[in-house]
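Heads up: the structure comes next, in structure tokens.
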Amino acid sequence: MDAILTVDGVSKRFGGLMALSDVSFAVERGAITGLIGPNGAGKTTMFNCVAGIYTPTDGRILFADGVGEPLNVAGRKPERMTALGVARTFQNIRLFSALTVLDNVRIARHCRTSANFFGSVLRTPSQRAEERAIIDAAMENLDFVGLGETALSPAASLSYGDQRRLEIARALATDPRLILLDEPAAGMNPRETEALVDLIHAILGRGVTVVLIEHDMKLVMRICKRLVVLDHGIKIADGSPQEVRANPDVIEAYLGKGAAHA
Amino acid sequence: MRGAAHTLKYLLLAAALAYPLLPFRDVYVLHVLVLIMVYMVLAMGLNILPGFCGLLDLGFVGFYGIGAYTAGLLTIHYNMSFWLIVPLAVLNGALFGVLLGAPTLRLVGDYFAIVTFGFSELVVLFLTNEIWLTRGPLGIPGIAPISLDVTWLATLLGVDERWRYAFRGEVPYYYLAMVMVALVFLVMTRVEDSRLGRAWLAIREDPMAAASCGVNLFAYKVIAFAVSTGIGALAGAFLARWTLFISPDMFKFWESFLVLCMVVLGGLGNIRGALVGSAILIALGEVLRVALPKLGLPAETRFLAYGLIMVVIMRFRPHGLFTQVAESTMQSGLIKDLRARIAARRTA
Amino acid sequence: MLEQQLVNGFTLGLIYALIAVGYTMVYGVIELINFAHGEIYMLGAFLTLSFISMGLPLPLAVLLAMLAAAAIGVLLDIIAYRPLREAPRLAALITAIGMSIFLQNLAMIIWGSRPLPFPKQALPAFFSEPALTFSDVTISWMQVIIYAVALLLMVGLNLIITRTRVGTAMRALAQNQTAAALMGINVNRVISFTFALGSAMGAMAGIMVSMYYNTMYPTMGYLAGVKAFAAAVLGGIGSVPGAMLGGVVLGIAETLGAGYVSSPYRDGVAYAVMILVIIFRPSGLLGRAVTEKA
């Protein structure tokens, strides 16, 4: 398997609590991988370790951009992970709500642009060209998620589903190779969820690998090629949706002890 | 409506430009107007921290003092030209900003506010006690006024004269202050509508999301602090060469509070608001100073009223007068262009 | 010499501790740096003076001044801070500074801006006499009284916080305001009680300082307030035992610093402590770190 991301024996401890213990799995390049598990299983903690918000207590996280050798990126700062090509969305939407939809996405071009204080004040030709390119890239990403026409509205004025899409557009505007979606369908109605499925496939079509955390099992089973199941910080299963669905440990984790035999 | 607001703006600007030339001009009014402009520069500088980055700075005046003393000392000891002093004072302010900011900008919320407060009080204590350098509480009198020496231009033109203009009275300072406000305003609006300004606003709105967009929080906060403190020092350098006397008393906590009030009254993060807030609060202070004794109240009531007015304003307008952030962004040509494109798409 | 400095520093430290407790308790429940707390301390001294000049005996005057200060603290919260609970933090902070300026200038208008002595005739004569003398260390009766009163108030406060229903409610509020409200705690009443307690203790500190140094002036609250706040930070903001410890440590550090290092920078000790503690140990001696609330 051509793995874009390899999580190798990662543990994360908060005080006395082991949020993740010795978790290992690989994410296949160009596919959709689902990270599932009951509440409190450590899924978002895993995302935060990959995205650089947390430094794992132990273990390696290898990121292979497809060109060079895989890099151990455990403990790198979030902005450096973004620059490397790992983007993410948040479980509880974190938009820059006082700003416009466009500005939310323009900020995401930060790591792909370089104008500094002096360039901005003097409005040098290169700075102006860069600003134009930022708007074009932002609009391209907004159109991609279908929000192009709302570009100049305040981000806070969008509907809940659109706010989730805006977060995805913002993440995509960083030009990632890997995108981590934390419960993208949460709070969406069935119609919005359908549109999301199309969007996720379109993201894949752009050559971006997708990892998602999701509670909607129907959705997960339908679109993910592989699933990784966490429970209490431990990986209990890993495989295709069919394999995972048949795994007694998974059924037990979701439905309680004894359910697998019922 | 928009057109009327524009007309009003230009009328005000024209009136401000013309006022010192009118026969009924008043030295006191000119002085107050220059003071307002000094505070406008301070307010625009401070606005970067709480307004753009969401960092509460309670010690801004410390950098104003550093700028003023840099200018004052360089003037009395080396008789240095104001035009040379300005960049040095700005750099010195920014340097102290980075020195204080680097270890403290990782702190969150009120902790940062407390450190900045402590620092500015230490600056005052230093200025009061290091008598060998600053003459202590006596202050530094007799600072030379600004002069503009363009003899080099005369030489260049082959004229054998000394072209030197010394600032006297309020009028030249008035125009210089206008230039200073205009320049800082230009810098601030351009920065606001740029990669740097967007990164700052992202930090204010949500630091974690900002980092996920690739913004190095620490680096951008340090830049914010350096720019902000540099602008504070610029205002200080002007102050020293305008009032021609500086003392530690002029840089006490009260001043930081005043500037913060201007920024909050104007609306955090709104550059225009910082200008309006400065004008209102300085004018209010002067009105109180004149009006209260006429009502038979002791002079202290001025500060009493000031404190009370701030409380009332916060009670009824906690978000300030202008709540819009990134205003200059919305007025930029690129965005106007985009608006037209989107409108065209909608009709198509 | 050193011993005498320690004694004087300890006395000063207890005063700081009494004020610091007010800052830390208020910060604990509403996360506001109550800048006007220093003015409550100042008002404690002046109110006592006024009550004595009305002919009241000292103990009654002190008691009334504490009660009045408590009432002022509660009113301060109700009138100025309560309407801003949902407003941006800066609005509340500016209001606090505004109230501090207001109260300071109000005192100037009422009592004048010149320092006033504490009415000597109201104090028992033995107050200024030495209570204990070991070789070259002297502890005056005034100092003994400061020790006793501070100790009494702090033990009392600790009992209130740990043993009473309202104390438990205060601690619950400091943990999580929403949850506390859901548990049926009357949040506003508990906050008022916190202000009352903190203000009464701050006022007592002001009264004792004005007796100890035999002077009071309307701006005395600023520096004392800042130093007490530094003490609260040193102890760990939000922690009541921390504020007490922080006050004593700061008082001693300041006196020793002034005596052995540099006396002009005496006031700088508090600022330096504040900055260094925050940079190197933001949780203070006994507190928990302030973290950004999401």
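The values are calculated or read from the model by the stated rules, or taken from the named source; none is laboratory data. None of these values were measured; they are calculated from a predicted model. All Cβ positions, even for glycine, are placed from backbone atoms using ideal geometry, and neighbour counts span all protein chains on display. Please note that ligands, DNA and RNA were not included when accessible areas were found on the heavy atoms of the full protein model with its side chains. Shrake-Rupley method; radii C 1.70, N 1.55, O 1.52, S 1.80 Å.
General observations
- Scan of segment C:136-175 for residues that are within 16 Å of C:Gly9 (Cα to Cα), hydrophobic (A, V, I, L, M, F, W, C) and open to solvent by less than 70 Å² (accessible area, probe 1.4 Å), ordered by number: C:Val137, C:Ile139, C:Met142, C:Val144, C:Ile145, C:Ile146, C:Ala148, C:Ala150
- Of all residues in segment B:202-216 being facing chain A (nearest Cβ under 9 Å) and under 16 Å from B:Leu56 (Cβ atoms), the one that is least open to solvent (accessible area, probe 1.4 Å): B:Glu205
- Taking the criterion of being buried (at least 22 other Cβ atoms within 10 Å of the Cβ) and either at the interface with another protein chain (Cβ under 9 Å from one of its Cβ atoms) or charged (D, E, K, R) (or both), the residues of segment A:132-154 that qualify are A:Ile134, A:Ala151.
- Qualifying residue in segment B:218-240 (condition: in contact with a Pro (Cβ under 8 Å, 6 or more places away or on another chain) and modelled with pLDDT under 95): no
- Positions within segment C:112-135 being surrounded by fewer than 11 Cβ atoms within 10 Å (Cβ to Cβ), of a type in the set (A, V, I, L, M, F, W, C) and assigned to a helix (DSSP H, G or I), in sequence order: C:Ala125
- Residue among A:Ser126, A:Ser114, A:Ser97 that alone is open to solvent by 50 Å² or more (accessible area, probe 1.4 Å), without any contact (Cβ under 8 Å) to a residue 40 or more places away in the chain and assigned to a loop (DSSP other than H, G, I, E, B): A:Ser114
- All positions within segment A:215-225 that are in contact with a strand residue (DSSP E or B) (Cβ under 6 Å, 6 or more places away or on another chain) and either surrounded by fewer than 21 Cβ atoms within 10 Å (Cβ to Cβ) or acidic (Asp, Glu) (or both): A:Val220, A:Ile223, A:Lys225
- Taking (1) open to solvent by less than 40 Å² (accessible area, probe 1.4 Å); (2) under 27 Å from B:Phe63 (Cα atoms); (3) small (Gly, Ala, Ser) in turn, B:Ala154 satisfies each apart from (2).
- All positions within segment C:76-92 that are open to solvent by 10 Å² or more (accessible area, probe 1.4 Å) and either closer than 28 Å to B:Glu205 by Cβ or within 7 Å of chain B (Cβ to nearest Cβ) (or both): C:Arg82, C:Pro83, C:Arg85, C:Glu86, C:Ala87, C:Pro88, C:Arg89, C:Leu90, C:Ala92
- Count of residues meeting criterion [over 20 Å from B:Leu42 (Cα atoms) and of a type in the set (Val, Ile, Thr)] in segment B:81-113: 2
- Of the residues B:Val187, B:Val181, the single one that is within 14 Å of chain A (Cβ to nearest Cβ), surrounded by 13 or more Cβ atoms within 10 Å (Cβ to Cβ) and β-branched (Val, Ile, Thr) is B:Val187.
- When we screen C:Ala17, C:Ala71 for residues that are small (Gly, Ala, Ser) and open to solvent by less than 10 Å² (accessible area, probe 1.4 Å), the only hit is C:Ala17.
- Taken together, C:Ser210, C:Ser192, C:Ser199 contain a single residue that is touching a residue at least 60 places away in the same chain (Cβ under 8 Å) and more than 17 Å from C:Ala17 (Cα to Cα), which is C:Ser192.
- Number of residues in segment B:104-116 that are in contact with a helix residue (DSSP H, G or I) (Cβ under 7 Å, 6 or more places away or on another chain), at the interface with another protein chain (Cβ under 8 Å from one of its Cβ atoms) and part of a helix (DSSP H, G or I): the value is 4.
- Residue list for segment A:35-74, filter: in contact (Cβ under 8 Å) with a residue 24 or more places away in the chain, over 15 Å from A:Gln91 (Cα atoms) and part of a loop (DSSP other than H, G, I, E, B): A:Gly52, A:Tyr54, A:Pro56, A:Thr57, A:Ala64, A:Asp65, A:Gly66, A:Pro70, A:Ala74
- Unmet requirement for A:Ala173, which otherwise passes all of (1) open to solvent by less than 10 Å² (accessible area, probe 1.4 Å); (2) closer than 22 Å to B:Ala344 by Cα: (2)
- Considering (1) within 11 Å of another protein chain (Cβ to nearest Cβ); (2) within 30 Å of A:Asn247 (Cα to Cα), the lone condition that A:Arg128 does not fulfil carries the number (2).
- Options B:Val264, B:Val259: the member that is surrounded by 22 or more Cβ atoms within 10 Å (Cβ to Cβ), at the interface with another protein chain (Cβ under 9 Å from one of its Cβ atoms) and in contact (Cβ under 8 Å) with a residue 40 or more places away in the chain: B:Val264
- Matching residues in segment C:93-111 - criterion: being touching a residue at least 60 places away in the same chain (Cβ under 8 Å), open to solvent by less than 30 Å² (accessible area, probe 1.4 Å) and either more than 8 Å from chain B (Cβ to nearest Cβ) or within 25 Å of C:Phe46 (Cβ to Cβ) (or both): C:Ala96, C:Ile97, C:Met99, C:Ser100, C:Leu103, C:Asn105, C:Ala107
- Checked against the criterion of being at pLDDT 90 or above, of a type in the set (A, V, I, L, M), touching a strand residue (DSSP E or B) at 6+ places or on another chain (Cβ under 7 Å) and outside any loop (DSSP other than H, G, I, E, B), segment B:136-144 has at least one qualifying residue.
- If you go through segment B:290-348 and keep only what is under 30 Å from C:Phe102 (Cα atoms) and loosely packed, with under 12 Cβ neighbours inside 10 Å, you end up with B:Val290, B:Lys294, B:Leu295, B:Gly296, B:Phe316.
- Scanning segment A:181-213 for residues that are farther than 20 Å from A:Phe63 by Cα, outside any helix (DSSP H, G or I) and small (Gly, Ala, Ser) yields A:Ala185, A:Ala186, A:Gly187.
- Segments classed as helices (runs of 4 or more DSSP H), wholly inside segment C:196-294, with at least 1 members that are touching a Ser or Thr at 6+ places or on another chain (Cβ under 9 Å), open to solvent by less than 10 Å² (accessible area, probe 1.4 Å) and away from every other protein chain (no Cβ under 12 Å): C:220-235, C:240-256
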